[in-house]
Amino acid sequence: MDMITNWLGNTPDFAVPFALAALGLILTERAGVLALGAEGLMLVGALAAIGAQLAYGSHGVSLLLAMGAAAVVSLLFALMVLVLRINQVIAGLALVFFCQGLTGLLGTLLDWTNKPVKGQSAIELWPLSELPLLGKIFVQNPLVFMTPLIVLTVVAFLTRTTTGLRMRAVGENPQAADAAGISVLGFRLVAILAGSALIGLAGGYISVLSTKLWIADMTGGRGWIAVALVIFARWSPWKALAGALLFGCIEALIPQLAAAGVRLPQYFVLMTPYAVTLAVMIWVASGKNVAGNQPGALGIPFIREERR
Amino acid sequence: MNEQVRPVMLEQVSQAAKQPKPPLLSRRYALEIRQQLAWHWQAVIIGLALLLGLGISAAILVAAGVPAGELLNEFVVLTVFDAQSLKAVLFQASPMILVGLAGCMAFRAKFWNLGLEGQMIWGAIGATAISLLEVGPPALRLPLMLAAAIGCGLAWALAPVVFKLRLKVNEIISTLMLNYLAINFLLHLLYGSWKDPRSSFPYSPQFQPFERLPELFDGISAAVPLAVVVALLALWFLGISRAGLYLRFVDANPRVAGAVGVPVQKMIIGTVLISGAMAGIAGFLVTAGQEGRLTQSFYQGYGFSGILIAFLARNNPVAALVVALLMAMLFVAGRSLQVFYQIPFSMVQLIQAILVICVASSDFFIRHRIRRVQGGES
């Protein structure tokens, strides 16, 4: 019983990075830019947040700096895909490897590796936190409670505002959007910056609120899982949130099993998030309506006045 | 087409001569697609991009604490002109060549094989299993290990390509996820049943002397000729064999290729499997050639290197040999920087990423030119 309470209580903590990263990816990809760089940008956010935390000790500042750092690095990606029209797969992969190298180097040279930082004290959502069995779900750090609000904001932006409509138009049919007087590259740049900031926030969450220290390559493929999550959420933020909760459940279960003394081969247990990602991708792909809802111009560079 | 262009250009030139030059900011510029660019200009542009990348890398190295005067020494003199280091470079180059070729193969089939590390790990696990289970007589042990490495690497590449062709599962993510599975399985073995009982470190027992790749002459490991032979086979496959011709069809236009009777799916599956097998051989070379046992991090850095070599070599196996040699120099220099200047090995990955970004960017200048648009025009 205790185990289930703890497991459910820890789930949001593991789910938030997936949700934020997937949300950032959706924002970028809805504007038609294939964003494979999430893994790298999460690392940048995580490292920046730890650095700020060690220097200033304020979680708010750290998370803001994580967003800023990821957005700045994503300018490199924007330069590659928007100005230089590099294949977006190559640009995304290069960005991931660039960020892995950069954060590994800086983390060691600045001596930020393995330095624990203080966590954020939890907020209790009072009447709900007294619930039996489910109570612990409502004792979380502030960013967990803000995550659904961030999702709501993004959904409202994409579906209820003219700017959001224009952004989706840019992702669906850039030629038509351009003819209607919408700046395709401008919208894509903003989408990349905003999406990357959210991905950086996810990374910062992992380093300063969840694990509370920096190790090289600490995101461990979560960025790639987020990319897969976006594919099987069909670019819908709410479905991505649900998927993030699923992966949060799985990741939260791993330490609980170990604590409960269940004798399972440790490394097979560690494989589960990746195996589940594979399984879900195959399951989704074998269903109907495979490419439904994918932004029409995803991954295609926009070039005005040019024959194809 | 030159004849058509020339009058227009002449007209422009005469216009430009007549009109006074507009101030700089009011001039407009337009991008044009070049029809083609002579190969030597392409080489110049790529060369400049590489120089820019190396310049940025050098600046980062200096900022990280390597004395500027030592850079040339570390990266060129101490890697090529020192007999001991040259051996190390050649040794390092052999698995590099194989992962680079594996990358070339997969990219020729338009398959983003990011699972090179996983396939390498399985190749190494296969080879080590033959050693630990003592399969076959000692004389046949090395060939059996090689065969097991090929089989395991190939098998690990099968699922992503089949799922890609049958269900359109994105191979970038599936191969990466399979890497994580392979890494965790490797750790499971090394911290579990395959751990060397005589040591507290997570690695397998040392191979027998006859299970290690011999040194042929002058201290050069058998890994080097093996890698060259595989490279020649790859060259034959891609450049001369009928399969290579089919593959170019598939690469150019899968639909047309299918319509004229090329077995498109079989070609893609076969090529990706060969790619996996080559990565498996690379794993075998590292374990049986360099380490002499299965270790927990032998594969690190090879996955990206393979993709980078294939990208820089434009999927050409001969060019891949050259680029792999340069990458091996970078690796050897990176290790010595780690020892002498405490610079983490991530530096190598950063330099590789910078080089890729610069060369990928140079493509833009090969395909486009910037033309000034006259004020009245447009």
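Numerical summary
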item: Filtered residues of segment B:191-223 (kept if among the basic types (Lys, Arg) and either surrounded by 11 or more Cβ atoms within 10 Å (Cβ to Cβ) or within 28 Å of the chain's Cα centre (by Cα) (or both)); result: B:195, B:212
item: Filter result (in a helix (DSSP H, G or I) and closer than 20 Å to residue B:252 by Cα) within segment B:103-128; result: B:103, B:104, B:105, B:106, B:107, B:108
item: Residue B:187 being touching a helix residue (DSSP H, G or I) at 6+ places or on another chain (Cβ under 7 Å), surrounded by 24 or more Cβ atoms within 10 Å (Cβ to Cβ) and at the interface with another protein chain (Cβ under 8 Å from one of its Cβ atoms); result: no
item: Number of the condition not met by residue B:178 [criteria: (1) within 14 Å of chain A (Cβ to nearest Cβ); (2) over 24 Å from the mean Cα position of the chain (by Cα)]; result: (2)
item: Wholly within segment A:92-179, helices (runs of 4 or more DSSP H) carrying at least 3 residues that are touching a residue at least 60 places away in the same chain (Cβ under 8 Å) and not polar (S, T, N, Q); result: A:142-160, A:162-172
item: Residue check for residue B:156: crowded, with 24+ Cβ neighbours inside 10 Å, out of contact with any Lys or Arg (no Cβ under 7 Å at 6 or more places or on another chain) and either more than 21 Å from residue B:302 (Cα to Cα) or not hydroxyl-bearing (Ser, Thr, Tyr) (or both); result: yes
item: Test set (1) modelled with pLDDT of 55 or more; (2) in a helix (DSSP H, G or I); (3) surrounded by 12 or more Cβ atoms within 10 Å (Cβ to Cβ) - residue B:40 fails condition number; result: (3)
item: Some residue of segment B:139-156 being within 14 Å of chain A (Cβ to nearest Cβ), under 19 Å from residue B:271 (Cα atoms) and assigned to a helix (DSSP H, G or I); result: yes
item: Test: residue B:150 is touching a Cys at 6+ places or on another chain (Cβ under 9 Å), aliphatic (A, V, I, L, M) and under 17 Å from residue B:282 (Cβ atoms); result: no
item: Selection from segment B:117-130 of residues that are touching a Ser or Thr at 6+ places or on another chain (Cβ under 8 Å) and either within 14 Å of chain A (Cβ to nearest Cβ) or at pLDDT below 90 (or both); result: B:118
item: Top-ranked residue in segment A:66-83 [being under 16 Å from the mean Cα position of the chain (by Cα) and not hydroxyl-bearing (Ser, Thr, Tyr); ranked as nearest to the other protein chains (Cβ to nearest Cβ)]; result: A:73
item: Residue list for segment B:181-202, filter: part of a helix (DSSP H, G or I) and either free of Cβ contacts under 8 Å to residues at least 40 places away in the same chain or of a type in the set (Val, Ile, Thr) (or both); result: B:183, B:184, B:188, B:191
item: Index of the failed condition, residue B:314 passing every other in (1) under 24 Å from residue B:240 (Cα atoms); (2) more than 14 Å from chain A (Cβ to nearest Cβ); result: (2)
item: Enumeration of residues in segment A:84-94 that are within 8 Å of chain B (Cβ to nearest Cβ) and either surrounded by 21 or more Cβ atoms within 10 Å (Cβ to Cβ) or at negative phi (or both); result: A:84, A:86, A:87, A:89, A:90, A:91, A:93, A:94
item: Spans of helices (runs of 4 or more DSSP H) in segment B:213-260 with at least 2 residues in contact (Cβ under 8 Å) with a residue 40 or more places away in the chain; result: B:223-235, B:242-252
item: Matching residues, segment A:158-183, being over 22 Å from the mean Cα position of the chain (by Cα) and among the polar types (S, T, N, Q); result: A:161, A:162, A:163, A:173, A:175, A:183
item: Residue match in segment A:124-140 (condition: more than 14 Å from every other protein chain (Cβ to nearest Cβ), within 17 Å of residue A:209 (Cα to Cα) and aromatic (Phe, Trp, Tyr)); result: yes
item: Any hit, segment B:291-298, residues being crowded, with 24+ Cβ neighbours inside 10 Å and part of a helix (DSSP H, G or I); result: no
item: Complete set of residues in segment B:165-175 that are in a helix (DSSP H, G or I) and more than 22 Å from the chain's Cα centre (by Cα); result: B:165, B:166, B:167
item: Any hit, segment B:316-339, residues being part of a helix (DSSP H, G or I), among the small types (Gly, Ala, Ser), in contact with an Asp or Glu (Cβ under 8 Å, 6 or more places away or on another chain) and surrounded by fewer than 24 Cβ atoms within 10 Å (Cβ to Cβ); result: yes
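To keep it simple, each residue is scored yes or no on (1) under 18 Å from residue B:173 (Cα atoms); (2) free of Cβ contacts under 8 Å to residues at least 24 places away in the same chain; (3) not hydrophobic (A, V, I, L, M, F, W, C).
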position: A:15; (1), (2), (3): no, no, no
position: A:21; (1), (2), (3): yes, no, no
position: A:33; (1), (2), (3): yes, no, no
position: A:37; (1), (2), (3): yes, no, yes
position: A:51; (1), (2), (3): no, no, yes
position: A:68; (1), (2), (3): no, no, yes
position: A:75; (1), (2), (3): no, no, no
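Residue-wise test of (1) exposed (fewer than 15 other Cβ atoms within 10 Å of the Cβ); (2) more than 16 Å from the chain's Cα centre (by Cα).
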{"site": "B:233", "(1), (2)": "no, yes"}
{"site": "B:237", "(1), (2)": "no, yes"}
{"site": "B:259", "(1), (2)": "yes, yes"}
{"site": "B:269", "(1), (2)": "no, yes"}
{"site": "B:278", "(1), (2)": "no, no"}
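Quick grid of which residues meet (1) under 21 Å from residue B:221 (Cα atoms); (2) out of contact with any Gly (no Cβ under 8 Å at 6 or more places or on another chain):
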position	(1), (2)
B:261	no, yes
B:289	yes, yes
B:322	yes, yes
B:339	no, yes
B:345	no, no
B:354	no, no
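The values are calculated or read from the model by the stated rules, or taken from the named source; none is laboratory data. Quick caveat: nothing in here was measured; it's all calculated off a predicted structure. Cβ atoms come from the backbone with ideal geometry, glycine included; neighbour counts cover every protein chain shown.
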